[in-house]
1. So in segment 34-50, with the set limited to residues that are within 19 Å of Gln279 (Cβ to Cβ) and open to solvent by 10 Å² or more (accessible area, probe 1.4 Å), which one is nearest to the chain's Cα centre (by Cα)?
2. Let me confirm something: among His295, His275, His269, His251, which residue is within 21 Å of Val139 (Cα to Cα), open to solvent by 10 Å² or more (accessible area, probe 1.4 Å), in contact (Cβ under 8 Å) with a residue 60 or more places away in the chain and not acidic (Asp, Glu)?
3. Can you find, within segment 108-141, the residue that is nearest to the chain's Cα centre (by Cα) among those that are open to solvent by 40 Å² or more (accessible area, probe 1.4 Å) and over 28 Å from Gly427 (Cα atoms)?
4. Considering segment 494-514 alone, what residues qualify as being open to solvent by 30 Å² or more (accessible area, probe 1.4 Å) and among the aliphatic types (A, V, I, L, M)?
5. Scan (1) over 22 Å from Leu474 (Cα atoms); (2) open to solvent by less than 30 Å² (accessible area, probe 1.4 Å); (3) touching a helix residue (DSSP H, G or I) at 6+ places or on another chain (Cβ under 6 Å) for the single condition Ala363 breaks and write down its number.
6. Just checking, which of Ile562, Ile598 is open to solvent by 20 Å² or more (accessible area, probe 1.4 Å) and in contact with a Gly (Cβ under 6 Å, 6 or more places away or on another chain)?
7. In segment 66-84, what residues are open to solvent by 10 Å² or more (accessible area, probe 1.4 Å), over 21 Å from the mean Cα position of the chain (by Cα) and under 26 Å from Asn166 (Cβ atoms)?
8. Please work out which residue is most open to solvent (accessible area, probe 1.4 Å), limiting yourself to segment 383-417 and to residues that are of a type in the set (Gly, Ala, Ser) and not in a helix (DSSP H, G or I).
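The values are calculated or read from the model by the stated rules, or taken from the named source; none is laboratory data. No experiment lies behind these values; they were computed from the predicted model shown. Quick reminder, even Gly has a Cβ in these numbers, built from the backbone with ideal geometry, and neighbours come from all protein chains shown. Ligands, DNA and RNA are excluded from the accessible area calculation, which covers all protein heavy atoms including side chains. Shrake-Rupley method; radii C 1.70, N 1.55, O 1.52, S 1.80 Å.
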Amino acid sequence: MSVLNRVKLPKDLKKLSLSELQKLNDELRDYTIEIVSKTGGHLGASLGVVELTVALHYVFNTPSDKIIWDVGHQTYPHKILTGRKNKIHSLRKKNGISGFTKRSESVYDPFGAAHSSTSISAGLGITAARDILNKNFDVVSIIGDGAISAGMAFEGLNNLGHLNKNSLIILNDNEMSIAEPVGAMSKYLVNLLSSKSYESFRDIIKNFTKRLPSEVGEFAKKTEGYFKGYLTGNTLFEELGLNYLGPVDGHNLKLLVQLFKKYKKKELHGPVFLHLITQKGRGYKPAELSKDKFHGVSSFDVKTGLQNKSKQVTYTNVVSDTILKLAKKDKKVVAITAAMPSGTGLDKFKEKYPSRFYDVGIAEQHAVTFAGGMTTESIKPFVAIYSTFLQRAYDQVVHDIAIQSLPVRFLIDRSGFVGADGATHAGSFDLSYLCCLPNFIVMAPSSGEELKNMINLALCINNKPCAIRYPRDLAREYKDNNNFQKILIGKGKVIKNGKKIAFLNLGTRLKKVLEINELIKKNYKLECSIIDMRFAKPIDVKLIKKLAKNHDIFVTIEENAIGGFSSQVNDVLINKISNTPKILNFFMKDEFIDQSDIEDQYFKSGISPKTIYEKLIKFLN
């Protein structure tokens, strides 16, 4: 009988023998592969933590004991073992299981996470609350090697060492976040793992590790290294006040169980930092051999590993092509990303112009200010970051870029809804948080060709910052050539001239606006004006004033929350025109929309063509 079928909840693991747990690892890994091959998702990270997940739930008493996962990419095995196995087929689908940890989904998810580097701070907060309330439970925080490079992780570690709380931090070191980890922290870990001073410190090892399983020392020998600083009491982690332990084979289930039991029995005291070495994509050859270890995948064929990806051009592809063209004609063009070279389309730039490419790791705050520093010496940086991740660097955008009016060029990917990744990855707020900033130019293309032209325009803006936001979608009307059409800053484009109703569209919903116009034309014999506004800031005041002379109703459409493009338009219509027309604003609802297909998310949020048409007709009647 399948061992996995006998496990409904973590308490069932405690009835299994060690040999049965080993079998469970294999079945859990195979089941994860089977599910993700159909749903798509984050496979590689989940495969790398199967043994860790089983050992944690076997030893600790979840949900009383708290396991805090970082990012959430590696939590599929965790979800399967915590009562969600029968719903895991709905992973990342409408009304289904989230691709990340989510408090409202399960008591086994004590803290939600979809962005990186939060687990240490969240875990420390839970630990502090536990002690205030005199409760008795353990707190375990897992963080990846890429995520620990972020500033927030260091802030958490620093405070943890100061407070000296009993808690367990696990570093899942697979030498792979999304792209290869970069920066001094990554090099530090690698150098420690390749240190060869074992002979000099043999006696210290014997004294210090006599209470630990012998496999710890054996694994260190196998990796031809171990932590020199650990042996001398002088590692970065020890200096921060943590009790460092490692490196440990993260796939040795027996050893993990032994270590966790020692921690559970309080044989290991204070803040313990356990360094595990794991393999991303372990147990599935296509993932092990893949460049990104199958980090984020679409559905795929289990036998071959071939993914079902569209070969059509996306907006991200347009960015990739255009940046290469600009870099060829201007040697001051550089590209910056925060651990997402392939996701943002800059991997080709990295190959072509490695000396002008900068992957700063999971450090969006640094990426922004780093780019600002470059502009002071006339370099022209393009910073490509997902909309949801740029939120992490908002203070830097305001203080270091906008106030100084530095010409950083932001390429904001994944604006608007993102489908299966849900609310945590949706780019819902960038228009709101950028349009309120003085000195900023904010653009949104309606097509691939417009995006190409806007990037070319951005290259020429040398006195203030600018941002171009674009969705995770296929790019229509794109021509991969060197012909750029001139765009004037702050000028909209008239698509159709009409009367009575003026549609002011920002972004890639323009095609849907044209469909709405056809319905109105068919049913009401009325031709509306349709404007591709292009710029959320500066807004085209002259064009709006002209339209106000012969239009009674203004309809704004954007894929953003309240306070973005519509606010800029309303300011003109209400404060700068004598006879204010009627106004209908369509933007995302004031709520977080869960994972679903994008068209369903449009409908739920009230900005689908059907919703817009019906509300407009009521308005007309």
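1. The extreme case among them is His42.
2. The unique qualifying residue is His269.
3. Ala129
4. Once the filter is applied, which keeps residues that are open to solvent by 30 Å² or more (accessible area, probe 1.4 Å) and among the aliphatic types (A, V, I, L, M), segment 494-514 yields Val494, Ile495, Leu514.
5. (3)
6. Just one listed residue meets the conditions, Ile598.
7. Correct list: Lys66 only.
8. Ser405
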